[in-house]
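Inspection log for the structure reproduced underneath, given as structure tokens.
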Amino acid sequence: MTADRVTGPTIRPRRLRSTPAVRRLVAETDLAPRHLVLPMFVADGIAEPKPIASMPGVVQHTLDSLRTAADEAVRSGVGGLMLFGVPRAEDKDAIGSGADSPDGILNRALAALRADLGDATVLMADTCLDEFTDHGHCGVVDDAGRVDNDETLERYAAMAVAQARAGAHMLGPSGMMDGQIAVIREALDGAGFIDTALLAYTAKYASAFYGPFRDAVDSSLQGDRRTYQQDPANRTEALHELELDLAEGADLVMVKPAMAYLDVLADVAATATVPVAAYQVSGEYSMITAAAERGWIDRRAAVLESLTAIRRAGASIVLTYWAVEAAGWLNER
Ligand code: PBG
């Protein structure tokens, strides 16, 4: 080859991949601990943290172990904590009374963490009845066995006020009832909690990937949630839900699950005028964990790739059971 004659392509995208430094310089997406939110489970009536068989590495916490783990999470730099409560089986009932009782496990845990942590993190609470009902549905069931939307809204309003009173900064209504954001906003404002923010589960699909979570919360559910959660076949419908949640006053919106719904996430992120979150759910966690345990994939690389992909698709915030571990890796870099 002579100097005045070039053979082969002149445009070579590989130039920008040639060293770690140039790749770092041109990376379009970044991932930092602050983007990650750790979902945590706190159970009533257990003396020791209890491993969740289908989610190796994740436990149901006691109130004490929750406090220690929350402190560690905050020190790792994660952006927030999302709490789920697991009541004792004998405390569940048809309307999920434990959800809005100040003595319910979730409200006690919120109060304890808010006292420990103050405003050092964003303390979030799952606002949904499913952990607290004896039938396991996200709402109140009528005589015909249907989840009654409007009766359920009254329960959500009471639960939301109880959670705000206990100390949550942000609520995550995850039940997919129509009108839930408007009703909860009105209840919070009426009780003086004007600064308690709403992270709306805007597009939440009826997904098989929640399987391990149902173990995690000792779910009582028989059947499925297809009359309230979205059909995995639908994409445009997510934008309808987005319009409604924004009109009702959502402060942030979420898509869930994450990895099988990146198209929906990208659509929502393209239109939303508020921050967008995505929830990398239990089944996503367990699949990668199981494959890595078998030596079939590189765990750390797969976790970081999955989180980066969720960010790339449009999530500002990612809820992930790896939040603290991933924050540790990111802090090493
Ligand atoms: C309902 C709720 C669920 C999850 C979060 N909130 C389960 C469901 O809808 O059945 C799933 C989270 C996960 O799978 O990690 N309160």
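Step by step: first the residues of the range 127-143, then only those that are among the aliphatic types (A, V, I, L, M) and part of a loop (DSSP other than H, G, I, E, B), then the one that is nearest to the chain's Cα centre (by Cα). Which residue is that?
This residue is L129.
Taking the residues in the range 18-44 that are of a type outside the set (S, T, N, Q) and assigned to a loop (DSSP other than H, G, I, E, B) as candidates, determine which candidate is surrounded by the most Cβ atoms within 10 Å (Cβ to Cβ).
Going through the range 18-44, the residues of a type outside the set (S, T, N, Q) turn out to be 20-28, 30-44.
In the following step, the residues that additionally are assigned to a loop (DSSP other than H, G, I, E, B) were identified as 27-28, 30-32, 44.
Details: A27: 11, E28: 7, D30: 11, L31: 22, A32: 15, D44: 20.
Looking at the filtered set, the residue picked out is L31.
For the range 286-305, what are the residues that are within 22 Å of N331 (Cβ to Cβ) and of a type in the set (A, V, I, L, M, F, W, C)?
As a first pass, look at the range 286-305 and keep what is within 22 Å of N331 (Cβ to Cβ): 288-289, 292, 298-305.
Matches in the range 286-305: I288, A292, A301, A302, V303, L304.
So, of the residues in the range 275-314 that are in a loop (DSSP other than H, G, I, E, B) and closer than 18 Å to V264 by Cβ, which turns out to be nearest to the ligand (Cβ to nearest atom)?
Filtering first and then ranking leaves V281.
Which of the residues belonging to the range 101-128 are among the charged types (D, E, K, R), within 18 Å of A197 (Cα to Cα), touching a helix residue (DSSP H, G or I) at 6+ places or on another chain (Cβ under 8 Å) and away from the ligand (no atom under 15 Å from the Cβ)? Lay out the reasoning, then the answer.
Restricting attention to the range 101-128, the residues satisfying the condition of being among the charged types (D, E, K, R) are 103, 108, 114, 116, 119, 126.
So of that shortlist, the ones also within 18 Å of A197 (Cα to Cα) come out as 114, 119, 126.
With touching a helix residue (DSSP H, G or I) at 6+ places or on another chain (Cβ under 8 Å) added as a condition, the list becomes 114, 126.
If the condition is that a residue be among the charged types (D, E, K, R), within 18 Å of A197 (Cα to Cα), touching a helix residue (DSSP H, G or I) at 6+ places or on another chain (Cβ under 8 Å) and away from the ligand (no atom under 15 Å from the Cβ), then R114 is the only one that fits.
Can you tell me which of (1) under 18 Å from A166 (Cβ atoms); (2) in contact (Cβ under 8 Å) with a residue 12 or more places away in the chain; (3) charged (D, E, K, R) is the one D64 doesn't meet?
So the condition that D64 fails would be (2).
Cβ-Cβ distance below 7 Å, separation of 6 or more or different chains: which pairs start in the range 219-246 with a residue that is over 15 Å from M177 (Cα atoms) and end on one that is in a helix (DSSP H, G or I)?
L221/R214; R235/D263; R235/V264; R235/D267; L239/D267; L239/T271
Coordinate-derived values only; no laboratory data. If you're wondering where the values come from, they're calculated on a predicted model, not measured in any experiment. Glycine also receives a Cβ, built like all others from the backbone with ideal geometry; neighbour counts cover every protein chain displayed.
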